[in-house]
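What follows is a set of notes on a single structure, which appears directly below.
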């Protein structure tokens, strides 16, 4: 079992930890968070360092995943993604064993697919995305880099979600459209 470092120790980290544990592919070596949280535990995993310690952890662990959510802005997720890449970390795709991901889809590095999400045939998901619990990415949809498709979000066939977009809980898109920015929970993107 390969080792992995979790970056971020907030509420979103709990969901990421659960997916990784259920996946049974990686052993979590610890969590990187803020200095005031050093030594604390999240779901039995200790906060073992801060961002300043990342270069020393790279010599011990090759894999990392970002467990910082994205609601108001994704700036922190994007900057940490770039920093981890610059340091040479591998950012694997993490997929819940309870999700359905078509073998005809393409998913890029650093993306996490949560429990009961569906990623259908012909769809493409970019780097560092969150495809949250029960999200549906329909056939031929494109989710560009650094997006968050929130819980229960539905991106219909052929839609393109532009980079850095937040697509809120239970939002629904029409098919074959381009979407960008901040899409409110429960709205219809058309």
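The values are calculated or read from the model by the stated rules, or taken from the named source; none is laboratory data. From a predicted model like this one, the values you see are computed outputs, not experimental measurements. With ideal geometry, Cβ positions are generated from the backbone for all residues, glycine too; neighbour counts draw on all protein chains shown.
Surrounded by 17 or more Cβ atoms within 10 Å (Cβ to Cβ) and at pLDDT 95 or above: which single residue out of 128, 170, 176 fits that description?
128
Out of all the residues in region 159-180, which are touching a strand residue (DSSP E or B) at 6+ places or on another chain (Cβ under 8 Å), within 19 Å of residue 146 (Cβ to Cβ) and in a loop (DSSP other than H, G, I, E, B)?
Once the filter is applied, which keeps residues that are touching a strand residue (DSSP E or B) at 6+ places or on another chain (Cβ under 8 Å), within 19 Å of residue 146 (Cβ to Cβ) and in a loop (DSSP other than H, G, I, E, B), region 159-180 yields 159, 162, 165, 168, 171, 180.
Of everything in region 119-130, what is closer than 16 Å to residue 67 by Cα and either free of Cβ contacts under 8 Å to residues at least 24 places away in the same chain or over 16 Å from the mean Cα position of the chain (by Cα) (or both)? Give them in sequence order.
Within region 119-130, 129 is the sole residue that qualifies.
What's the total number of residues in region 73-89 that are in contact (Cβ under 8 Å) with a residue 12 or more places away in the chain and at negative phi?
9
Return the pair list, or none, for Cβ contacts closer than 8 Å from residues in region 48-72 that are assigned by TED's automatic domain parsing to the domain that holds residue 86 and more than 12 Å from residue 31 (Cα to Cα) to residues that are part of a loop (DSSP other than H, G, I, E, B) and modelled with pLDDT under 95, at least 6 apart or on different chains.
From residues that are assigned by TED's automatic domain parsing to the domain that holds residue 86 and more than 12 Å from residue 31 (Cα to Cα), the pairs are 69/10.
When only residues in region 133-146 that are in a loop (DSSP other than H, G, I, E, B) and free of Cβ contacts under 8 Å to residues at least 40 places away in the same chain count, which is nearest to residue 187 (Cα to Cα)?
135
Test each condition in (1) crowded, with 18+ Cβ neighbours inside 10 Å; (2) on the phi > 0 side of the Ramachandran plot for residue 28 and report the one that comes out false.
Among (1) crowded, with 18+ Cβ neighbours inside 10 Å; (2) on the phi > 0 side of the Ramachandran plot, residue 28 violates only (2).
Just name the residue that is surrounded by the most Cβ atoms within 10 Å (Cβ to Cβ) out of those in region 90-112 that are in contact with a helix residue (DSSP H, G or I) (Cβ under 8 Å, 6 or more places away or on another chain) and in contact (Cβ under 8 Å) with a residue 60 or more places away in the chain.
So, considering only residues that are in contact with a helix residue (DSSP H, G or I) (Cβ under 8 Å, 6 or more places away or on another chain) and in contact (Cβ under 8 Å) with a residue 60 or more places away in the chain, the one surrounded by the most Cβ atoms within 10 Å (Cβ to Cβ) is 112.
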